[in-house]
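A.B. asks: Let me give you the structure first, and then I'll get to my questions.
The values are calculated or read from the model by the stated rules, or taken from the named source; none is laboratory data. As the structure is a prediction and not an experimental result, all values here were calculated from the model. Neighbour counts run over all protein chains shown; Cβ positions are idealised from the backbone, glycine included.
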Amino acid sequence: MHHHAASRWLPLALTLTLGFGVVEALAGWWSGSLALLGDAGHMVTDATALGLAALAAHVARRPVSLRHSFGLPRVEALAALINALFMLALVVALLWQAVVRLAEPRSIEGATVTLVALGGLALNLAVAWLLTRGESDLNTRAALLHVMGDLLGSVAALAAGLVIQFTGWTPIDPLLTMLICGLILASTLTLLRSVIHTLLEGVPEGISLPEVGHAMAAVDGVRSVHDLHIWSLDSRRPALSAHLVLTDARRWPAILDAQRHLLAERFGIEHVTLQPELPAANPLVFVRNGSRPDTHHR
């Protein structure tokens with residue numbers, strides 16, 4: 001399974017989403033449904049997001065160069081950040097329109113809303129299925145978030161259409177729009193937090209820096225570990241660098257092999273840079289007995 005198994009479906013998802021977004025916008029304008037118009041606007045935004053995600057996935061596969069020694073894997077995180085910001089802007093716009101519609105109710109053609117919402121629901125289920133095939137990354141997660149927002153929007157539009165069709169109660173349209181906005185907002189903020197954490201080179205989720213440090217210090221021949229840093233090149237590839245204080249420098253080749261095996265097998269970290277050295281003062285030192293980091297100078 002290669003890393004871009006999910007992102008390869010982005011161009012098809014883009015085509016399907018953009019095409020139906022145009023149809024939904026026309027139906028929303030004709031029927032007077034805010035839920036349909038909002039979902040259509042969401043789909044157009046999604047089409048932009050999917051296009052950006054597809055472009056980012058393509059760029060991220062470019063090989064390393066003299067100027068970009070790591071390649072361009074973080075383009076996907078940047079695309080996810082832009083997509084999340086687009087989602088926040090869309091939520092604000094839809095909430096505002098919902099408030100206005102509650103204050104000034106309009107007649108809505110319930111039957112049209114119901115039929116178009118059913119088509120949108122089927123399309124979004126298909127696109128979501130495409131984007132969940134294979135391994136995902138922050139970029140694909142951001143695109144999938146947009147699609148899930150569309151999916152919820154289609155459910156809201158369908159419910160609104162049915163209620164209006166059988167009861168004539170039009171406030172259900174903006175009320176359901178506000179509910180869906182709240183759900184989308186919660187998911188967007190979660191994604192935004194993950195993206196920012198990656199871009200700020202935070203320790204990847206699921207990895208404990210103290211646990212890694214003490215495990216490395218417990219390897220035979222290592223006196224202590226300091227200047228330990230763990231970050232992500234992208235959402236899939238953690239990287240590590242550290243300085244190892246050795247008990248015997250002549251054992252370094254064996255210690256290096258043991259460290260690489262430990263980090264790869266136990267923590268899933270394969271991009272590793274280690275520097276052997278003699279004892280030195282450092283404010284964050286992990287020692288072999290697993291005690292708290294030593295903060296005094298040696």
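A.B. asks: Quick one: which of TRP169, TRP129 is without any contact (Cβ under 8 Å) to a residue 12 or more places away in the chain and not in a helix (DSSP H, G or I)?
C.D. replies: None of the others qualify; the one that does is TRP169.
A.B. asks: What number goes with the only condition from (1) more than 30 Å from TRP169 (Cβ to Cβ); (2) touching a Gly at 6+ places or on another chain (Cβ under 9 Å); (3) assigned to a helix (DSSP H, G or I) that ALA93 does not pass?
C.D. replies: Just one mismatch for ALA93, condition (1).
A.B. asks: Return a yes/no flag: does the range 189-196 have any residue that is over 30 Å from GLU265 (Cα atoms), touching a residue at least 12 places away in the same chain (Cβ under 8 Å) and surrounded by 21 or more Cβ atoms within 10 Å (Cβ to Cβ).
C.D. replies: No; the residues of the range 189-196 include none that is over 30 Å from GLU265 (Cα atoms), touching a residue at least 12 places away in the same chain (Cβ under 8 Å) and surrounded by 21 or more Cβ atoms within 10 Å (Cβ to Cβ).
A.B. asks: Going residue by residue through the range 217-224, is there one that turns out to be part of a strand (DSSP E or B), surrounded by 18 or more Cβ atoms within 10 Å (Cβ to Cβ), touching a strand residue (DSSP E or B) at 6+ places or on another chain (Cβ under 7 Å) and not aromatic (Phe, Trp, Tyr)? Reasoning before the result, please.
C.D. replies: From the range 217-224, those part of a strand (DSSP E or B) are 222-224; that's our starting set.
Of the ones still in play, those that are also surrounded by 18 or more Cβ atoms within 10 Å (Cβ to Cβ) are 222, 224.
Those left that are additionally touching a strand residue (DSSP E or B) at 6+ places or on another chain (Cβ under 7 Å): 222, 224.
Add one more test, that the residue is not aromatic (Phe, Trp, Tyr), and what stays is 222, 224.
Yes: the range 217-224 contains one or more residues that are part of a strand (DSSP E or B), surrounded by 18 or more Cβ atoms within 10 Å (Cβ to Cβ), touching a strand residue (DSSP E or B) at 6+ places or on another chain (Cβ under 7 Å) and not aromatic (Phe, Trp, Tyr).
A.B. asks: Within the set of pairs 6 or more residues apart or between chains, which connect a residue that is assigned to a helix (DSSP H, G or I) inside the range 172-186 to a residue that is buried (at least 24 other Cβ atoms within 10 Å of the Cβ) and among the polar types (S, T, N, Q) with Cβ atoms less than 8 Å apart?
C.D. replies: ASP173/SER33
A.B. asks: Given the structure, is ALA98 under 15 Å from the mean Cα position of the chain (by Cα) and either buried (at least 21 other Cβ atoms within 10 Å of the Cβ) or over 30 Å from ARG236 (Cα atoms) (or both)?
C.D. replies: No; evaluated as a whole, the condition is false for this residue.
A.B. asks: Looking at the structure I just gave you, is LEU123 in contact with a Phe, Trp or Tyr (Cβ under 6 Å, 6 or more places away or on another chain) and either assigned by TED's automatic domain parsing to the domain that holds ALA79 or farther than 24 Å from MET87 by Cα (or both)?
C.D. replies: yes
A.B. asks: Right, next: Mind listing just one residue for me: the one in the range 133-154 that is outside any helix (DSSP H, G or I) and within 18 Å of LEU55 (Cα to Cα) and, of those, modelled with the lowest pLDDT?
C.D. replies: Per the criteria, the residue is GLU135.
A.B. asks: Moving on. Among the residues of the range 136-143, is any crowded, with 18+ Cβ neighbours inside 10 Å and within 21 Å of TRP30 (Cα to Cα)?
C.D. replies: no
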